[in-house]
1. Being under 26 Å from Ala191 (Cβ atoms), of a type outside the set (Phe, Trp, Tyr) and without any contact (Cβ under 8 Å) to a residue 40 or more places away in the chain is true for just one of Ala162, Ala145. Which residue is that?
2. Give region 279-290 a look and list any residue that's within 15 Å of Thr87 (Cβ to Cβ) and either modelled with pLDDT under 95 or surrounded by fewer than 21 Cβ atoms within 10 Å (Cβ to Cβ) (or both), or say none.
3. So the check is Cβ under 8 Å with 6+ separation or different chains; which pairs have a first residue in region 50-78 that's without any contact (Cβ under 8 Å) to a residue 40 or more places away in the chain and a second one that's of a type in the set (A, V, I, L, M) and part of a helix (DSSP H, G or I)?
4. Of the numbered conditions (1) within 16 Å of ligand 2 (Cβ to nearest atom); (2) over 16 Å from the mean Cα position of the chain (by Cα); (3) acidic (Asp, Glu); (4) within 28 Å of Thr304 (Cβ to Cβ), Glu116 fails exactly one; give the number of that condition.
5. Of everything in region 6-42, what is more than 18 Å from the chain's Cα centre (by Cα), more than 18 Å from Leu73 (Cα to Cα) and either within 16 Å of ligand 2 (Cβ to nearest atom) or not small (Gly, Ala, Ser) (or both)? Give them in sequence order.
6. Of everything in region 211-254, what is more than 16 Å from ligand 1 (Cβ to nearest atom), open to solvent by less than 30 Å² (accessible area, probe 1.4 Å) and either more than 20 Å from the chain's Cα centre (by Cα) or under 18 Å from Phe291 (Cα atoms) (or both)? Give them in sequence order.
7. Can you go through Asp271, Asp295 and tell me which one is acidic (Asp, Glu) and touching a helix residue (DSSP H, G or I) at 6+ places or on another chain (Cβ under 6 Å)?
8. Spot the failing condition for Phe177; the list is (1) surrounded by fewer than 17 Cβ atoms within 10 Å (Cβ to Cβ); (2) free of Cβ contacts under 8 Å to residues at least 40 places away in the same chain, and only one is missed.
Amino acid sequence: MSPCPKVELHLHLEGAAPPTFIRDLAKKKSVNLTGVFDRDGGYAFRDFGHFLTVYDAACSVLKTPEDYHRLTLAVLEEQAQQGVIYTEAFLSPEFCGGGDLGAWREYVAAIREAAELAFARDGTRLRGIVTAIRHLGPDAARITARCAAETAGDWVVGFGLAGDERKGRPRDYVWSFDMVREAGLSLTAHAGEWGGAASVRDALDDLGVSRIGHGVRAIEDPALVERLVREGVVLEVCPGSNIALGVYPRWKDHPIERLRAAGVPVTVSTDDPPFFKTTLTAEYAHLAETFGWEDETVRAVNQTAARAAFCDDATKTTLLSLLEPQDD
Ligand code: ADE
Ligand code: ZN
């Protein structure tokens, strides 16, 4: 039986790189990745800070548009296997050309070309969200925002903020978010992962985002939960990531079901699946086991994701029809 169709809104392209892909590339390029892998060949990290360090080290082997072309093909092959019909992936000019606009255009072209091949091969779709990295600071974010604005269109559809939420404040990034909004991009920001409810509120108030990456710690403030419901703010929830990184100790402690029951529009994603030894299918299996999610719940959550996607309306309509039960 083919896996049920899914829409994934929160996936870091580099974070989805299979460890074998990174290891093989490192070997080919003679890059030393000591400390990146555990004994079983998976990614090794102790906590969130160390995760970010290991993530950067793994990314250091991705040096050319051709590397990203191959990476995109590998990631989308896995997405197709998981039944993912549409993915929004975070991409960073910091990793793709170091903020140089000409280089960034070449990386985007290579990733798009791979996405077209994957669509022809498997029918899975990809769109890009250009993402500033918070711990690199507001000046780097401005360069990223310029790259985003210059490539905004039917494929680069959004702008986001990832990285270490414990560093700086959303208001430091207002200039970048204002300029990409002007360029027509839709907006999301990581918040409420390492920061509490106030961090989510700041992202909404200062950056004007329509979606929040993670956002789960909004549960700590009932008034904020009510606001998310009232304003229809969509959360890109990544439960397996939160558990692997220690935001919550066990699946039963995760607030996704409480947020959903309160009426918050929640969606489900994997963030950096090989790092967290998860897949989107595994996430839904845990949600079924822990919170009794049935097929109807899964379909409704994916419909929420399709409606909240940053792509054009015609694509959303296609996604919604693919999420309908099929007769075969
Ligand atoms: N970049 C990749 N994964 C991330 C996460 N879970 N939080 C913040 N930045 C990230
Ligand atoms: Zn993320």
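1. Numbers: Ala162 fails: without any contact (Cβ under 8 Å) to a residue 40 or more places away in the chain.
Result: Ala145 is the single residue among Ala162, Ala145 that is under 26 Å from Ala191 (Cβ atoms), of a type outside the set (Phe, Trp, Tyr) and without any contact (Cβ under 8 Å) to a residue 40 or more places away in the chain.
2. Applying the first criterion (within 15 Å of Thr87 (Cβ to Cβ)) to region 279-290 yields 279-281, 283.
Result: Thr279, Thr281.
3. Here the result reads Val61/Ile22; Val61/Leu25; Val61/Ala26, each pair linking region 50-78 to a residue that is of a type in the set (A, V, I, L, M) and part of a helix (DSSP H, G or I).
4. Failing condition for Glu116: (1).
5. Within region 6-42, Lys27, Lys28, Lys29, Val31, Asn32, Leu33, Thr34, Val36, Phe37, Asp38, Arg39, Asp40 meet the criteria.
6. Answer for region 211-254, where residues must be more than 16 Å from ligand 1 (Cβ to nearest atom), open to solvent by less than 30 Å² (accessible area, probe 1.4 Å) and either more than 20 Å from the chain's Cα centre (by Cα) or under 18 Å from Phe291 (Cα atoms) (or both): Leu224, Val225.
7. Working: Asp295 fails: touching a helix residue (DSSP H, G or I) at 6+ places or on another chain (Cβ under 6 Å).
So the residue among Asp271, Asp295 that is acidic (Asp, Glu) and touching a helix residue (DSSP H, G or I) at 6+ places or on another chain (Cβ under 6 Å) is Asp271.
8. Looking at each condition in turn, Phe177 falls short on (1).
The values are calculated or read from the model by the stated rules, or taken from the named source; none is laboratory data. In this text, all values refer to a predicted model and were calculated from it rather than measured experimentally. FYI the Cβ positions are ideal-geometry reconstructions off the backbone, even for glycines, and counts take in every protein chain you see. Accessible surface areas use protein heavy atoms only, side chains included; no ligands, DNA or RNA. Shrake-Rupley method; radii C 1.70, N 1.55, O 1.52, S 1.80 Å.
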